[in-house]
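To keep things clear, I will list the structure first and then write my remarks on it.
The values are calculated or read from the model by the stated rules, or taken from the named source; none is laboratory data. Just so you know, these numbers come straight off a predicted model, no measurement behind them. Heads up, the Cβs are rebuilt from the backbone with ideal geometry, glycines too, and the neighbour counts pull from every protein chain shown.
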Amino acid sequence: MADARARSPLADRVADLTTIGAEQVPFLAQVDLRVDPEHADLAPYALPLEPDTAWHDEHHAALWLGPDEWLILGPADTAHEIVTALEAAFADVQRSVVDVLGRAQVILHERTETTGILVRPSFADYLVDLLLAVRGATGGVGA
């Protein structure tokens, strides 16, 4: 269950984000997976194997971060379920499964003319296709 005290650092900036055509997705589950891509077929989610690609269904998305690394996204409060599913799927192979929720904020952005406002170095540069996967997985802007 969600912590009732949990509060997004951008909670007071909703109007500002709206002004630039953006919306925060607070507390989106974010789990980093590192595993040999030869074992990708063991995953409970389809892991994209091509650079800068993504997969998504109604509830989850898998974003390619590198040849052996993916970011698995899901609705708020599902990180534990995602970690448990990945640990079970890859129990017999070397892997790293880490809940990285506190590592980044997710902001969905619509307007290309104001993109520069939000562009800053981050742990992952989400391309348009990846952003669409996030939208599909979370029911966010444009879903």
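Some points to look at:
- Count - residues of region 31-61 that are part of a strand (DSSP E or B) and either at pLDDT 95 or above or of a type in the set (V, I, T) (or both): 5
- Filter pass, H60 being crowded, with 16+ Cβ neighbours inside 10 Å and of a type outside the set (V, I, T): yes
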